[in-house]
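Asks: Below you'll find the structure I mean.
The values are calculated or read from the model by the stated rules, or taken from the named source; none is laboratory data. All of these numbers come straight from a predicted model, not from anything done at the bench. Heads up, the Cβs are rebuilt from the backbone with ideal geometry, glycines too, and the neighbour counts pull from every protein chain shown.
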Amino acid sequence: MLIANDRIKVLDRASATQLDELAISEFGISGIALMENAGAGCAQIALQMLGSRRRVSIFCGPGKNGGDGYVVARHLQNAGCDVTVRAPIPQGTFCGNAAADNAQTWKKIETCFGQSSTDPADADLIVDALLGTGLDREILGKMKQTIDAINEIATPVLAVDLPSGLDADTGVPLGVAVRADATATMACWKRGFLELESLRWTGEIHTIDIGVPQSLCGRLGTPLETVSRHGRSG
């Protein structure tokens with residue numbers, strides 16, 4: 001479910017991290033439930049972008065953003081899509097039980113039903129679930145190579161929460177960032193989205209309701225309508 005523009009709040013990097021932590025500690029919403037809601041919401045945006053097409057290539061990273069990607073993969077496969085998941089960083093480096101659980105669930109699905117091998121260049125949609133809001137350093141090595149490769153492909157891209165490599169606070173790439181056609185961001189906008197230049201990477205922004213109480217979003221964030229949007233629309 002999408003959040004209406006007049007209810008959207010804006011978070012910086014630190015507050016975005018707090019949002020999940022407090023939803024779990026204060027309200028008892030499990031991390032697995034938050035991830036399931038996030039992935040299901042992203043899958044709905046992906047299906048809208050796909051229309052009647054069905055080949056999807058999903059790139060999953062080693063953290064919570066990657067965990068969201070595995071949930072997206074499961075929902076899209078259930079919707080009849082041909083889904084290929086690629087993990088440039090080994091799954092054993094996952095941080096967080098919810099992400100690890102969803103990675104293992106997808107591995108079992110692949111074992112039972114076979115692994116698709118659609119090349120990203122031949123896919124109808126790429127889902128970027130490599131890196132999330134916690135990133136605060138320049139991207140190097142294998143992850144940079146993967147992002148560069150995605151950007152060289154003409155396939156439309158949906159970013160999960162924010163384009164991988166984009167600084168959540170400044171809206172500027174940390175060396176390199178995925179150029180997305182659309183971004184499905186979780187619960188709240190990220191402060192970097194307010195910068196007009198960030199549109200080059202985010203594309204159209206959809207705000208997904210992941211089940212976090214609006215009172216918590218209001219406590220940590222600033223209402224979108226009260227901050228400068230530099231002509232941006234939500």
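Asks: From the list Phe59, Phe27, which one is surrounded by 24 or more Cβ atoms within 10 Å (Cβ to Cβ), among the aromatic types (Phe, Trp, Tyr) and not in a helix (DSSP H, G or I)?
Replies: Details: Phe27 fails: surrounded by 24 or more Cβ atoms within 10 Å (Cβ to Cβ).
Every option except Phe59 fails the conditions.
Asks: Across the stretch 76-96, what is the number of residues that are modelled with pLDDT under 90, in a helix (DSSP H, G or I) and not β-branched (Val, Ile, Thr)?
Replies: Residues that pass the stated criteria total 2.
Asks: Can you tell me which residue is farthest from Gly221 (Cα to Cα) among those in the stretch 179-198 that are among the aliphatic types (A, V, I, L, M) and surrounded by fewer than 23 Cβ atoms within 10 Å (Cβ to Cβ)? Full working, then the answer.
Replies: Just the residues of the stretch 179-198 that are among the aliphatic types (A, V, I, L, M), to begin with: 180, 182, 184, 186-187, 194, 196.
With the extra rule that they be surrounded by fewer than 23 Cβ atoms within 10 Å (Cβ to Cβ), the set shrinks to 182, 194, 196.
Values: Ala182: 22, Leu194: 13, Leu196: 20 Å.
For the stretch 179-198, the residue satisfying everything is Ala182.
Asks: Here's another thing I want to ask about it. On the basis of being closer than 22 Å to Arg54 by Cβ and acidic (Asp, Glu), does Asp148 make the cut? Give the derivation first.
Replies: Values: closer than 22 Å to Arg54 by Cβ: no; acidic (Asp, Glu): yes.
Judged against the criteria, Asp148 is not a match.
Asks: A further question on this structure: If we keep just the residues of the stretch 41-56 that are in a helix (DSSP H, G or I) and of a type outside the set (A, V, I, L, M, F, W, C), which is surrounded by the fewest Cβ atoms within 10 Å (Cβ to Cβ)? Don't jump to the end; show me each part of the working.
Replies: Within the stretch 41-56, the subset in a helix (DSSP H, G or I) is 41-50.
Now restrict to residues that are of a type outside the set (A, V, I, L, M, F, W, C): 41, 44, 48.
Values: Gly41: 28, Gln44: 19, Gln48: 11.
Checked the stretch 41-56; the qualifying residue surrounded by the fewest Cβ atoms within 10 Å (Cβ to Cβ) is Gln48.
Asks: Moving to a separate point now. Inspect the stretch 165-179 for any residue being within 19 Å of Lys9 (Cα to Cα), outside any loop (DSSP other than H, G, I, E, B), hydroxyl-bearing (Ser, Thr, Tyr) and free of Cβ contacts under 8 Å to residues at least 60 places away in the same chain and give the result as yes or no.
Replies: The answer is no; no qualifying residue exists.
Asks: Mind telling me which of the residues Ala73, Ala121, Ala99, Ala38 ends up being assigned to a helix (DSSP H, G or I), modelled with pLDDT under 95 and crowded, with 23+ Cβ neighbours inside 10 Å? Please lay out each step first, then the result.
Replies: Working: Ala73 fails: modelled with pLDDT under 95; Ala121 fails: crowded, with 23+ Cβ neighbours inside 10 Å; Ala38 fails: modelled with pLDDT under 95.
That would be Ala99, the only listed residue that is assigned to a helix (DSSP H, G or I), modelled with pLDDT under 95 and crowded, with 23+ Cβ neighbours inside 10 Å.
Asks: Among (1) farther than 29 Å from Gly171 by Cα; (2) modelled with pLDDT under 95; (3) in contact with a strand residue (DSSP E or B) (Cβ under 9 Å, 6 or more places away or on another chain), which single condition is Gly114 missing?
Replies: Unmet for Gly114, out of (1) farther than 29 Å from Gly171 by Cα; (2) modelled with pLDDT under 95; (3) in contact with a strand residue (DSSP E or B) (Cβ under 9 Å, 6 or more places away or on another chain): (3).
Asks: Still on this structure, please answer the following. Do we find that Gly175 is in contact with a helix residue (DSSP H, G or I) (Cβ under 8 Å, 6 or more places away or on another chain) and more than 24 Å from Leu19 (Cα to Cα) in this structure?
Replies: So Gly175 fits the description; yes.
Asks: Looking at the stretch 135-156, which of the residues that are surrounded by 15 or more Cβ atoms within 10 Å (Cβ to Cβ) and touching a residue at least 40 places away in the same chain (Cβ under 8 Å) is nearest to Gly175 (Cα to Cα)?
Replies: It comes out as Met143.
Asks: Within the group Val127, Val176, Val172, which residue is surrounded by 24 or more Cβ atoms within 10 Å (Cβ to Cβ) and among the β-branched types (Val, Ile, Thr)?
Replies: Working: Val176 fails: surrounded by 24 or more Cβ atoms within 10 Å (Cβ to Cβ); Val172 fails: surrounded by 24 or more Cβ atoms within 10 Å (Cβ to Cβ).
None of the others qualify; the one that does is Val127.
Asks: Same structure, new question: Quick test for you: out of Gly132, Gly80, pick the one residue that is within 19 Å of Gly41 (Cβ to Cβ) and either of a type in the set (Lys, Arg) or without any contact (Cβ under 8 Å) to a residue 40 or more places away in the chain (or both). Lay out the reasoning, then the answer.
Replies: Working: Gly132 fails: either of a type in the set (Lys, Arg) or without any contact (Cβ under 8 Å) to a residue 40 or more places away in the chain (or both).
Criteria check complete, one pass: Gly80.
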